[in-house]
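What follows draws every value from the coordinates through simple rules; no lab data is involved. Not measured: the values here are computed from a predicted model. Glycine gets a Cβ as well: all are built from the backbone with ideal geometry, and neighbour counts include every protein chain shown.
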């Protein structure tokens, strides 16, 4: 599909994010299996539920525009997740595996914050107030998730690193 208008670009980005959220919903259970830290596992489970809600909001946006939900292959997320899988396969130490998962999720959150922020800007410029509100809700969830992952990285993983460096 050719991108000739801001509307085209907007719908392309909705498809991109829909594909990304679908991939996350599929990938988060596997990442939960690869973690040892209870706080991290709990955060991943919570984010899985949020991602399902984010998919629903994107489906509402598709519906408001008379579009069927469509997925564009999320190459960025696939790359981050593939790199994490490679690192996990080479990392037997549980606390380091947790660090690999946290790093991947922080990278994903940064991407999603940028992508949802951009999409919300497009919605505002196109006069889609309802979509903008839905996207704002998701953007707030993504920022909170990134903050939580950053806290896990700073607090829990630091304790593990200090424990293993002695």
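Subtract the Cα-Cα distance of residue 12 and residue 73 from 0.36 nm times their separation in residues, and report this length gain in nm to one decimal.
Details: separation 61, 0.36 × 61 = 21.96 nm, distance 1.10 nm.
The residue 12-residue 73 span can extend by a further 20.9 nm.
Given the rule -39500 (n - 2.57) for each run of at least 4 DSSP H residues, summed and divided by the residues of the chain, what is its mean residue ellipticity at 222 nm, to the nearest 500 deg cm²/dmol? Don't skip to the answer; put the middle values down first.
Values: 6 runs with 135 residues, N = 166.
The helix contribution divided over the chain gives -28500 deg cm²/dmol.
With angles folded into 0 to 90 degrees, how steeply does helix 75-89 sit against the dominant principal axis of the chain? Use alpha carbons for both and round to 10.
Taking the Cα atoms of the chain, the angle to 75-89 is about 10 degrees.
Which order results if 87, 16 are arranged by neighbouring Cβ count within 10 Å, fewest first?
Values: 87 16, 16 19.
Neighbour counts put them in this order, fewest first: 87, 16.
Helix 6-33 against the longest principal axis of the chain: what's the angle in degrees, Cα atoms only, rounded to the nearest 10?
Rounded to the nearest ten degrees, it is 30.
Pull out the extension gain between residue 59 and residue 113, defined as 0.36 nm times the separation in residues minus the alpha carbon to alpha carbon distance; nm, one decimal.
Numbers: separation 54, 0.36 × 54 = 19.44 nm, distance 1.86 nm.
Length difference between fully extended and current span is 17.6 nm.
Please provide three numbers in whole Å: the alpha-carbon extents of the chain along the principal axes, with the largest listed first.
Sorted from largest, the Cα extents of the chain read 58, 25, 22 Å.
Stretch residue 147-residue 49 to full length: gain in nm at 0.36 nm per residue minus the Cα-Cα span?
Values: separation 98, 0.36 × 98 = 35.28 nm, distance 1.71 nm.
Between residue 147 and residue 49, full extension yields an extra 33.6 nm.
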